[in-house]
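The structure appears below as structure tokens.
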Amino acid sequence: MSFNKKSKLEEIKKHYKDYTHTYLEVVNSAIQSHRSANEELMLNYYFNTMGIKSGMKLLDAGCGICGPAIHFAKKADIKIDAINLSDTQIEITKEKIKNSKLENKINALCGDYHSLKKYYQENSFDIVYFLESYGHCLNHKQLLASAVSVLKRGGLLYIKDYFKKDLAEMKQVNRLAKLMNKKYAYNLPCLYNTMSILRKLNMEIIKIGKPEFEDDGGIMSAEFSDKSNLKLFKEGEEMFSYADIFEIIVRKT
Ligand SMILES: C[S@@+](CC[C@H](N)C(=O)[O-])C[C@H]1O[C@@H](n2cnc3c(N)ncnc32)[C@H](O)[C@@H]1O
């Protein structure tokens, strides 16, 4: 691993060590910025859109405190492996899984999702999902190849995240993307680069589009940036939309 990647991973860990408690003051259990006012509605949307069914084996890549995984495991007879770089969050996750009596359904571990083959068997998952976790990725080719390798043939890869906008004013987009990356230990991805990698991995495209649930208009995200002081816009500065939210659904052929 390069020195640069190692230090970037440390920045991500630090972000969640410093801010997990603030995130949890604002959200119920899913640490996502683009969200519905009613968290259950959003999680049910993911459940239905991914087509989660009893008997399936899922991988939650970048699981937060397993808010989504716990919700899914309560709704169907499934097994979920969950991986998270943040030891702070894994500690909370283990407690939550135990309190929900879901130890036989969810197995959470602390690790780096860029190297999934190190932790999991190849061709073993029906669904691999990234819920606002892909945006932290430091090597998209490595991560996507790694996710595809652990998917079964016919299995689904689901990514929901922010992607950098393409506008005439790219200078402004790039400035804000850089600021967001710094404040949130992010690495705002490019849609075309992501799709190009997935196509080279022979993935069949099922959908690229906006998630089809009503969002809260950014209320909770604004509440978090107020509480944490991680604001991107100064007092009185006009807001500028520099990223789009997409869900990408592809199938392993
Ligand atoms: C915005 S949170 C989303 C959490 C979760 N998916 C949810 O919906 O509640 C991003 C998550 O990705 C995790 N993450 C970031 N980089 C990672 C990596 N290299 N390996 C594993 N997890 C990672 C973070 O620790 C954090 O839990």
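Residues that are free of Cβ contacts under 8 Å to residues at least 40 places away in the same chain, surrounded by 19 or more Cβ atoms within 10 Å (Cβ to Cβ) and not β-branched (Val, Ile, Thr): list the strands (runs of 3 or more DSSP E) wholly contained in region 1-115 that include at least 3 such residues.
Ranges flagged: none.
Of the residues making up region 63-70, none is away from the ligand (no atom under 14 Å from the Cβ) and touching a Lys or Arg at 6+ places or on another chain (Cβ under 7 Å). When Val148 is tested against the conditions (1) within 26 Å of Glu25 (Cα to Cα); (2) aliphatic (A, V, I, L, M); (3) crowded, with 19+ Cβ neighbours inside 10 Å, the lone failure is (1).
Selection of region 12-27 for residues being β-branched (Val, Ile, Thr) and farther than 19 Å from Glu39 by Cβ yields only Ile12.
Every test in (1) part of a helix (DSSP H, G or I); (2) out of contact with any Lys or Arg (no Cβ under 8 Å at 6 or more places or on another chain); (3) over 30 Å from Cys190 (Cα atoms) is passed by Gly135 save one, and that test is (3).
Okay, residues lined up against (1) within 14 Å of the ligand (Cβ to nearest atom); (2) farther than 21 Å from Thr88 by Cα; (3) not small (Gly, Ala, Ser):
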site	(1), (2), (3)
Ser100	no, no, no
Leu109	yes, no, yes
Cys137	yes, no, yes
Ala147	yes, yes, no
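Only residues that are in a helix (DSSP H, G or I) and either within 16 Å of the chain's Cα centre (by Cα) or near the ligand (Cβ under 10 Å from one of its atoms) (or both) were counted across region 116-132, and they come to 1. Looking across region 4-46, just one residue is basic (Lys, Arg) and near the ligand (Cβ under 8 Å from one of its atoms), and that is Lys13.
We did not get these values from a lab; they are worked out from the coordinates using the rules stated. All values derive from a computational prediction rather than experimental measurement. Ideal geometry is used to build each Cβ from the backbone, glycine not excepted, and the neighbour counts take in all protein chains shown.
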